[in-house]
Ligand SMILES: [Fe+2]
Ligand SMILES: [Fe+2]
């Protein structure tokens with residue numbers, strides 16, 4: 001089942017991607033240092049790309065939330081992050097051209113930083129507030145064992161050990177009434193330190 005919204009979203013995403021990847025403005029600016037080329041790029045980013053994101057937050061995400069709870073998987077987006085990170089690591093390991101290599105490394109840095117922010121600002125506060133100390137210990141041990149098993153192999157970190165939490169049945173019940181105990185930090189607020197285990 002598809003509909004007007006799905007088709008329009010795909011089309012708009014393709015359009016934004018195309019505009020960003022055509023790189024004409026970026027290349028022109030890099031080649032000439034032209035203030036006009038930079039201005040064009042900034043206009044596109046703030047005039048088209050950011051409004052798209054804001055419209056999604058205001059209208060699309062509220063509609064998606066209950067769909068994920070009913071039919072989706074909340075961590076599916078993070079697994080896609082890992083796929084991208086693994087692909088970038090693989091390409092970095094086999095790329096010979098220095099300029100392409102530089103772009104891949106910069107891309108990986110950006111993707112990885114965003115990924116860590118999401119884990120630290122969304123997942124870790126939930127775990128801290130709602131998972132028992134015993135369950136946290138079990139997961140940590142499983143992740144360390146997983147890390148040891150994969151040491152020396154190419155690839156991003158793979159915290160599949162998190163699945164142990166479900167097996168453990170150790171999730172503390174959601175508090176009833178009052179405000180949620182675990183809310184992500186406000187924009188600009190520094191996320192907490194990463195755990196000592198695999199990052
Ligand atoms: Fe989008
Ligand atoms: Fe991760």
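Listed values, structure above:
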item: Estimated distance in nm for a label pair at residue 63 and residue 95, the labels positioned 7 Å out from Cα along Cα-to-Cβ; result: 3.6
item: Inter-label distance, nm, simple model (7 Å from Cα along the C-beta direction), residue 132/residue 38; result: 5.8
item: Relative packing of peptides 72-81, 125-134 - highest average C-beta neighbours within 10 Å first; result: 125-134, 72-81
item: Backbone N under 19 Å from the residue 118 label point (7 Å along Cα→Cβ), restricted to segment 75-97; result: 75-90
item: Global form of segment 31-141, assessed from the alpha-carbon gyration tensor, a/c cut-off 1.5; result: oblate
item: Cα gyration tensor, segment 1-72 - rounded (a/c under 1.5), prolate or oblate; result: prolate
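Every read-out reported here was derived from the displayed coordinates using simple, explicitly stated rules and does not represent laboratory data. Note that the structure is a prediction, hence the values are computed from the model and not measured. Note: ideal-geometry Cβ built from the backbone for every residue, glycine included; neighbour counts use all protein chains shown.
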